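Here's the structure, in structure tokens; my notes come after.
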Amino acid sequence: MLRHPTIEKLQQLKLPAMARELTEQRALPEAAGLGFEERLGLLADRELTERSNRRLALRLRQAKLRQSAAIEDLDTRAPRGLDKALIVLLATCTWIAEHLNCLISGPTGIGKTWLACALAQKAAREGHSVLYARLPRLFTELDLGRADGRYPKLMKTLAKAELLVLDDLAMAPMTDAHRRDLLEIIDDRYQRRSTIVTSQIPVKQWHSAIGDPTLADAILDRLVHNAYRIALNGKTMRKNENLTHADAPE
């Protein structure tokens, strides 16, 4: 069957979703009963929806989230010290527009990474650019970047994301170079972008865990005082054989 010339023109105009919608409308007898503006509205809605979906898919690919998680799947009934009101607030993503931070602490397996990724995924759905990085691996990448000249580009990428997830702070002792890297990252983002930081160590112990008192003061001054805090507690979720998707381990 020959293609309708209008469909061909929509393809040439790079409006493939509108072309598909028109093709489907022409195959449905009931569509003939719709008015011109109604049919045009359906064409426009289809194009906008598919473009929005493509942009979201791109943001999620670029985010490189460690886990596939959605905040709607979070089980707040599990005894982990979750503040339901705070989770609802964070899910609105208004804190990202305000350039605030979120600090998530708790023992291994409690769901810190899952929660961070769920908040990041919601941010991507709201149109924010997101980037996930596990700190031990990021420090290694920055070390390599210093050697091969990619360091400025890496730091620019970290500074540009509207929401940056830094996972597993203080998993191992930091070198002086790593402490300075962390300060540069946090300083670049201070009052300009939002950051989620997760750690097995309680926030009150981050100063000593960072190591250098002067650098720790500078890092935490820019990170902690304008941040929401989530201190998870309870048993590891990894030992639960009946894990729901929302309880997926880190």
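The values are calculated or read from the model by the stated rules, or taken from the named source; none is laboratory data. In this text the structure is predicted, and so the values were computed from the model without any measurement. Cβ sites come from the backbone with ideal geometry, for glycine too, and all protein chains shown count toward neighbours.
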So Lys160 fits all but one of (1) at pLDDT below 95; (2) surrounded by fewer than 16 Cβ atoms within 10 Å (Cβ to Cβ); what number is the exception? (1)
Looking at the range 123-157, which of the residues that are closer than 19 Å to Gln62 by Cβ and of a type in the set (Gly, Ala, Ser) is surrounded by the fewest Cβ atoms within 10 Å (Cβ to Cβ)? Gly127
When the residues of the range 111-165 are filtered to those that are in contact (Cβ under 8 Å) with a residue 24 or more places away in the chain and among the β-branched types (Val, Ile, Thr), which remaining residue is nearest to Asn53 (Cα to Cα)? Val130
Take Ile210 and tell me if it is crowded, with 22+ Cβ neighbours inside 10 Å, among the aliphatic types (A, V, I, L, M) and either out of contact with any helix residue (DSSP H, G or I) (no Cβ under 7 Å at 6 or more places or on another chain) or farther than 27 Å from Leu56 by Cβ (or both). yes
Regarding Thr6, is this residue farther than 30 Å from Ser194 by Cβ and among the polar types (S, T, N, Q)? yes
Does Pro107 count as at pLDDT below 95 and in contact with a Gly (Cβ under 7 Å, 6 or more places away or on another chain)? no
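Okay, residues lined up against (1) basic (Lys, Arg); (2) within 22 Å of Arg66 (Cα to Cα):
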| position | (1), (2) |
| --- | --- |
| Glu184 | no, no |
| Arg189 | yes, yes |
| Ser194 | no, yes |
| Gln200 | no, yes |
| Gln205 | no, no |
| Ala209 | no, no |
| Asp212 | no, no |
| Leu215 | no, no |
| Arg222 | yes, no |
Contact list please: Cβ distance under 9 Å, first residue in the range 37-57 and touching a residue at least 40 places away in the same chain (Cβ under 8 Å), second residue surrounded by 14 or more Cβ atoms within 10 Å (Cβ to Cβ), pairs at least six apart or on different chains. Leu56/Ala124; Leu56/Arg125
Report the residue count in the range 37-74 for those that are among the β-branched types (Val, Ile, Thr) and in the same structural domain as Leu164 (by TED's automatic domain parsing). 1
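Yes/no matrix, rows are residues, columns are (1) aromatic (Phe, Trp, Tyr); (2) in contact with a strand residue (DSSP E or B) (Cβ under 9 Å, 6 or more places away or on another chain); (3) in contact (Cβ under 8 Å) with a residue 24 or more places away in the chain:
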position	(1), (2), (3)
Glu21	no, no, yes
Arg26	no, no, no
Thr92	no, no, no
Asn101	no, yes, yes
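Against the definition (closer than 18 Å to Leu82 by Cα, modelled with pLDDT under 95 and part of a loop (DSSP other than H, G, I, E, B)), how does Glu250 come out, yes or no?
yes
When you scan the range 1-111 for helices (runs of 4 or more DSSP H) that lie fully inside it, which ones turn up with 1 or more residues that are surrounded by 13 or more Cβ atoms within 10 Å (Cβ to Cβ) and within 17 Å of the chain's Cα centre (by Cα)? Steps first, answer last, please.
Values: elements: 5-12, 16-26, 36-63, 84-91, 94-97.
Helices (runs of 4 or more DSSP H) meeting the threshold: 36-63, 84-91, 94-97.
Could you grab me the full set of residues in the range 39-61 that are among the basic types (Lys, Arg) and within 13 Å of Glu126 (Cα to Cα)? First the steps, then the outcome.
Initial filter on the range 39-61 (among the basic types (Lys, Arg)): 39, 46, 51, 54-55, 59, 61.
Of everything in the range 39-61, those that are among the basic types (Lys, Arg) and within 13 Å of Glu126 (Cα to Cα) turn out to be Arg55, Arg59.
If only one of Ile230, Ile219 is farther than 26 Å from Thr140 by Cβ and of a type in the set (A, V, I, L, M, F, W, C), which one is it?
Values: Ile219 fails: farther than 26 Å from Thr140 by Cβ.
Just one listed residue meets the conditions, Ile230.
Does Ala27 fit the bill of being in the same structural domain as Arg54 (by TED's automatic domain parsing) and closer than 20 Å to Arg51 by Cα?
So Ala27 does not fit the description; no.
Residues in the range 5-16: is at least one among the aliphatic types (A, V, I, L, M) and either at pLDDT 90 or above or on the phi > 0 side of the Ramachandran plot (or both)? Don't jump to the end; show me each part of the working.
In the first step, residues of the range 5-16 are kept if they are among the aliphatic types (A, V, I, L, M); the result is 7, 10, 13, 15.
Adding the requirement that they be either at pLDDT 90 or above or on the phi > 0 side of the Ramachandran plot (or both) leaves none.
No.
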Among (1) farther than 14 Å from Ala123 by Cβ; (2) modelled with pLDDT of 80 or more - the single one Arg80 does not satisfy: (2)
